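Peer 1: A single structure is presented below for examination.
The values are calculated or read from the model by the stated rules, or taken from the named source; none is laboratory data. The structure presented is a predicted model; accordingly, all values stated were derived computationally and were not measured. All Cβ positions, even for glycine, are placed from backbone atoms using ideal geometry, and neighbour counts span all protein chains on display. Ligands, DNA and RNA are stripped out before the accessible areas are found, and what is left, the full protein with its side chains, is counted by its heavy atoms. Shrake-Rupley method; radii C 1.70, N 1.55, O 1.52, S 1.80 Å.
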Amino acid sequence: MKNTRAAPDVLILEALLAAGAGHVSGTALAHQLGVSRVAVWQQLEKLREQGFAFTAVHARGYRLTACPAPLHAALIAAHLRSHGRDCPLTLLDEVDSTNDEAARQLAAGRPAPFAVLARRQTRGRGRLGRAWHSADNGNVYVSFAFRPRLAPARMQTFTLWMGVNVCELVANFTGARPGLKWPNDLLFDGRKAGGMLTEARMDADEIRDLVFGLGLNVNSSSTAWPPELAGRAISLAEHTCVPLDLNRFAAALLGRVFLAYDRFVAGTFAESFADLWNAYDVLRGQPVTVLQGEQRVSGTALGTDDEGALILRTAKGRTARFRSGEVTLEKTR
Ligand code: BTN
């Protein structure tokens, strides 16, 4: 549902996006916003200062001719509204970690769901305490906050389900098909394009606060990676050789993740989860080693089951299932 009381800049951008190559009259905008034409003009001037460009044609009105390349909250909101969605979002210039910020906002009582995005993170985190490189380089760092009130057992497939949805979105948006490496990596050609980090706080028997964090390498260039990531990380733009419209992409991503969450809570996919995952699985049929605590098990990956556990056929022909662990793809000779 769209919240009709959106901010004036969002409403103006939504009207101009809807008009495409056409014009929107100042009078129509003023009427829609319930303000004077001078107030509309003042809003347009503010947007100009933020990197937007408009042409104004006498008796026809305004046309949007350029948008800022970096993330812009009102533009993301306008894109979302033009697809009939309205997701509360906060965009920060800099934050320690969007996951931490979302958790703080949930703890402070902000109504969920909502999304927190940042242009850069100073302490971006990955799984197993690893750092997530989070420079201001055209990539997306976003966390989604929910209060699901679900039994913890229901959450087993949550991150994997979100991974499938993010892959579908990326494939639809770019035409390029990413792969998934269990349990939380998004890859192109064996290089990491994204990672997911889900964190939850429990009450006695249900999930109270849930934060789904996603780092996606969207527009960063191959020269921008620090040496330890060079050759191991890749962005969507590097893979497709085309820079993405970051704000349109972010809006599509937000819309998809909120929709995926609703579908997850409704549980409509449950029976066919393994098929969904296995369609993107890059490990299936490959020799892998799973490290789980002190335990190290090698074998051939067979995909996941409907609970999201990784299935392995060991060298001795035994079948092993893993709910957690770190997987290394072994080199084939
Ligand atoms: C991983 O690959 O281990 C997961 C990486 C998750 C990174 C994202 S970026 C947005 C959110 N904020 C964080 O601090 N981490 C997640």
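Peer 1: Sort out for me the Cα centre separation of segment 110-164 from segment 314-333, rounded to whole Å.
Peer 2: 27
Peer 1: Oh, and also: Just how many % of Cα pairs in segment 3-131 lie over 27 Å apart, if you round to the nearest whole percent?
Peer 2: Tail of the P(r) past 27 Å holds 31 percent of the pairs.
Peer 1: Between Asn139, Asn247, Asn172, where does the largest GNM mean-square fluctuation fall for the chain, given springs only between Cα atoms within less than 10 Å?
Peer 2: Its mean-square fluctuation being the largest, the pick is Asn172.
Peer 1: Measure off 7 Å from each Cα along the Cα-to-Cβ vector at Thr319 and Ala66, then give the distance between these two points in nanometres to one decimal.
Peer 2: With each label placed 7 Å out from Cα toward Cβ, I get 6.0 nm.
Peer 1: So how far apart, in nm, are the two label points at Ala230 and Asp136 if each is 7 Å from Cα heading toward Cβ?
Peer 2: About 2.5 nm, to one decimal.
Peer 1: Could you run the Karplus curve 6.51 cos²θ - 1.76 cosθ + 1.60 with θ = phi - 60° over segment 278-291 and give me ³J(HN,Hα) per residue in whole Hz, x for Gly and Pro?
Peer 2: My calculation for segment 278-291 gives 5, 5, 10, 4, 8, 8, 3, x, 9, x, 9, 10, 10, 10 Hz in order.
Peer 1: Still on this structure, please answer the following. For segment 8-66, with equal point scatterers placed on the C-alpha atoms only and solvent neglected, what are the log10 I(q)/I(0) values from the Debye formula at q = 0.16, 0.24, 0.30 1/Å, to two decimals?
Peer 2: Relative scattering, expressed as log10 I(q)/I(0), comes to -0.40, -0.96, -1.55.
Peer 1: Report the per residue volume, in Å³, of the convex hull enclosing the C-alpha atoms of segment 172-298.
Peer 2: Expressed per residue, the convex hull around the Cα atoms of segment 172-298 is 172 Å³.
Peer 1: What is the gain in length, in nm to one decimal, between Ala21 and Gln156 on full extension, counting 0.36 nm per residue of separation less the C-alpha to C-alpha distance?
Peer 2: Working it through step by step, the gained length comes to 44.0 nm.
Peer 1: If you take all C-alpha pairs in segment 39-94, what percent of them are over 20 Å apart?
Peer 2: Summing the P(r) of segment 39-94 above 20 Å gives 34 percent of all pairs.
Peer 1: If you scale each eigenvalue of the Cα gyration tensor by 5 and take the root, what three semi-axes come out for segment 287-329, rounded to whole angstrom and sorted largest first?
Peer 2: 14, 13, 9
Peer 1: Spin-label point model (7 Å from Cα, Cβ direction): what's the Gln50 to Arg127 distance in nm?
Peer 2: In this crude label model, Gln50 to Arg127 measures out at 3.7 nm.
Peer 1: With θ taken as phi - 60° and the coefficients 6.51, -1.76 and 1.60, list the Karplus ³J(HN,Hα) couplings across segment 108-116 in order, rounded to whole Hz; mark glycine and proline as x.
Peer 2: Values, residue by residue: 7, x, 4, x, 9, x, 7, 10, 10 Hz.
Peer 1: Quote the accessible area belonging to His23 in square angstrom, nearest 10, computed with a 1.4 Å probe and with ligands, DNA and RNA left uncounted.
Peer 2: The accessible area of His23 comes to roughly 50 Å².
Peer 1: I would also like to ask the following. Nothing charged except the Cβ atoms of Lys and Arg (+1) and of Asp and Glu (-1): what's the magnitude of the dipole of segment 287-329 about its Cα centre? Round to the nearest 20 debye.
Peer 2: Roughly 240 debye, rounded to the nearest 20.
Peer 1: Output the Cα-based Rg and Dmax of segment 77-194 in Å, rounding Rg to one decimal and Dmax to a whole number.
Peer 2: Spelled out, the Cα radius of gyration and Dmax of segment 77-194 are 15.1, 42 Å.
Peer 1: Using only the alpha-carbon atoms, what does the chain span along each of its principal axes? Please give whole angstrom values in decreasing order.
Peer 2: So the extents along the principal axes, rounded to whole Å, are 79, 46, 34.
Peer 1: Also, I was wondering about something else. Accessible area of Ile234, 1.4 Å probe, to the nearest 10 Å²?
Peer 2: 10
Peer 1: Related question: With the chain treated as a Gaussian network of Cα nodes joined by springs under 10 Å, which of Gly129, Gly299, Gly231 yields the largest mean-square fluctuation?
Peer 2: Gly129
Peer 1: Now a separate question. Pick from Ser298, Ser134, Ser97: which is most flexible by mean-square fluctuation in a GNM of the chain where alpha carbon atoms under 10 Å apart are linked?
Peer 2: So, out of Ser298, Ser134, Ser97, the one fluctuating most is Ser298.
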